[in-house]
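The values are calculated or read from the model by the stated rules, or taken from the named source; none is laboratory data. Everything numeric here is computed off the predicted structure, so don't read it as measured data. Every residue, glycine among them, receives a Cβ derived from its backbone with ideal geometry; neighbour counts consider all protein chains shown.
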């Protein structure tokens with residue numbers, strides 16, 4: 001797994017998720033590290049922050065039932081960016097016959113040396129190897145010395161690391177570039193809708209706290225980051241986050257329109273949890289879904305908070321955006337088939353090159369958002385958001401992009417509840433006169449312009465967002 005210097009999970013495979021709950025976006029303490037290895041990891045953390053010079057360590061991880069597993073941890077700087085990660089990689093891999101073939105071919109290991117290599121990778125000491133092979137310790141040390149020379153290693157530790165990496169590379173079938181979303185809060189629940197399909201939701205915060213329904217957007221996942229979530233937890237708030245149909249464990253009913261499917265899914269969650277007059281928080285287009293839910297299920301919300309752009313699209317607004325951004329948003333209306341081709345190509349590139357390929361192209365034209373993407377502490381959030389979005393597949397992605405155009409200005413004129421929108425002035429379609437006109441036409445709509453922020457407002461202004469949620473939750477609680 002890849003961790004930020006503060007131990008936020010940026011990337012993890014299935015084993016890390018199973019053993020340590022290492023889902024993208026989670027921030028670790030040190031309780032998963034064996035006591036004798038914690039100082040080693042802390043040294044690497046200092047190096048990752050630029051105040052140390054240690055780059056590598058072999059550590060022991062706690063896997064439950066008082067057992068441990070061996071792993072290597074090292075500092076990795078990514079390309080020409082400022083991003084630095086701690087990579088933790090297991091040194092306990094299954095040893096198959098293919099590993100013997102590779103080591104014999106690459107290093108010329110004899111049968112006896114291959115047997116010793118396997119025992120070393122399993123964590124055995126030279127003395128343990130001697131006992132298991134029925135020979136003397138000095139004989140084993142001589143054989144290991146020959147193996148170190150054949151492999152071009154510097155020491156026994158270096159040899160074990162090399163052998164383990166070869167073994168892991170051969171036996172590990174998954175790759176780091178795959179799109180594998182997992183619930184970052186570790187509380188995913190699935191309930192059955194009236195039509196028999198399942199809807200998934202997760203939660204975080206105070207277990208018995210005031211419920212706040214949080215809904216993600218098309219490209220903004222529901223993970224808000226530790227700085228926001230910690231403050232909400234301390235304020236006694238429980239965030240409840242459903243997943244859109246077709247994403248994150250929620251099933252899509254193909255017989256329904258997107259809008260109908262959404263309402264059935266979110267209503268099922270609200271009914272099951274008994275939500276009434278609570279605060280709804282929508283991330284980008286998620287706010288549009290919540291407004292539709294309030295119209296279909298009155299008194300679900302006492303107020304709505306929109307974070308990032310959730311306002312109607314217009315040609316004039318599009319004219320403010322960079323050309324590539326403007327073109328992508330126009331395609332659903334003018335050339336839907338072209339949109340499908342572009343999105344399908346994008347999905348293929350994400351599978352082949354990884355999430356970072358998408359992030360670089362999505363936010364590179366906004367200086368303030370680009371700076372957020374270069375912040376290593378933001379990477380876990382961004383990766384989790386993107387992995388959630390790419391679960392739906394290119395066809396549904398295109399349908400969701402078209403759905404945005406069906407939200408019209410008229411739907412803001414007679415709002416059933418008060419709606420407050422936080423909008424960064426660095427948004428690609430920021431149009432101050434248009435926003436002022438919207439506010440003047442609806443007494444229940446307020447738009448708060450946030451200086452020095454863009455689309456990635458969640459990362460750029462966490463204190464402000466936490467403060468607004470706490471304030472609005474207090475108002476609806478009265």
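Residues checked against (1) within 20 Å of the chain's Cα centre (by Cα); (2) under 19 Å from residue 282 (Cβ atoms); (3) not assigned by TED's automatic domain parsing to the domain that holds residue 228:
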{"position": "388", "(1), (2), (3)": "yes, yes, no"}
{"position": "392", "(1), (2), (3)": "yes, yes, no"}
{"position": "420", "(1), (2), (3)": "no, yes, no"}
{"position": "431", "(1), (2), (3)": "no, no, no"}
{"position": "440", "(1), (2), (3)": "no, no, no"}
{"position": "456", "(1), (2), (3)": "yes, yes, no"}
{"position": "467", "(1), (2), (3)": "no, yes, no"}
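Note on the range 120-138: among residues that are modelled with pLDDT of 90 or more and not in a helix (DSSP H, G or I), the one that is surrounded by the most Cβ atoms within 10 Å (Cβ to Cβ) is 135.
Against the condition in a helix (DSSP H, G or I) and within 29 Å of residue 386 (Cβ to Cβ), how does residue 17 come out, does it pass? Steps first, answer last, please.
Details: in a helix (DSSP H, G or I): yes; within 29 Å of residue 386 (Cβ to Cβ): yes.
Criteria met by residue 17.
In the range 139-155, of all residues being without any contact (Cβ under 8 Å) to a residue 24 or more places away in the chain and in a helix (DSSP H, G or I), the one that is farthest from residue 103 (Cα to Cα) corresponds to 139. Screening the candidates 114, 62, 41 for the property of being part of a strand (DSSP E or B), crowded, with 16+ Cβ neighbours inside 10 Å and at pLDDT 80 or above yields one hit, 62. For the range 97-111, filtering for residues that are surrounded by fewer than 19 Cβ atoms within 10 Å (Cβ to Cβ) and assigned to a helix (DSSP H, G or I) leaves 9. Looking across the range 1-14, just one residue is more than 16 Å from residue 376 (Cα to Cα) and surrounded by 17 or more Cβ atoms within 10 Å (Cβ to Cβ), and that is 13.
For residue 325, the criteria (1) outside any helix (DSSP H, G or I); (2) within 24 Å of the chain's Cα centre (by Cα) hold in every case but one, which is (1). Within the range 251-280, the set of residues being touching a helix residue (DSSP H, G or I) at 6+ places or on another chain (Cβ under 6 Å) and either crowded, with 21+ Cβ neighbours inside 10 Å or under 21 Å from residue 382 (Cα atoms) (or both) comprises 262, 266, 279, 280. Would the range 343-360 turn up any residue that is farther than 19 Å from residue 398 by Cβ, crowded, with 18+ Cβ neighbours inside 10 Å, without any contact (Cβ under 8 Å) to a residue 24 or more places away in the chain and under 24 Å from the mean Cα position of the chain (by Cα)? Scanning the range 343-360, I find at least one residue that is farther than 19 Å from residue 398 by Cβ, crowded, with 18+ Cβ neighbours inside 10 Å, without any contact (Cβ under 8 Å) to a residue 24 or more places away in the chain and under 24 Å from the mean Cα position of the chain (by Cα), so the answer is yes.
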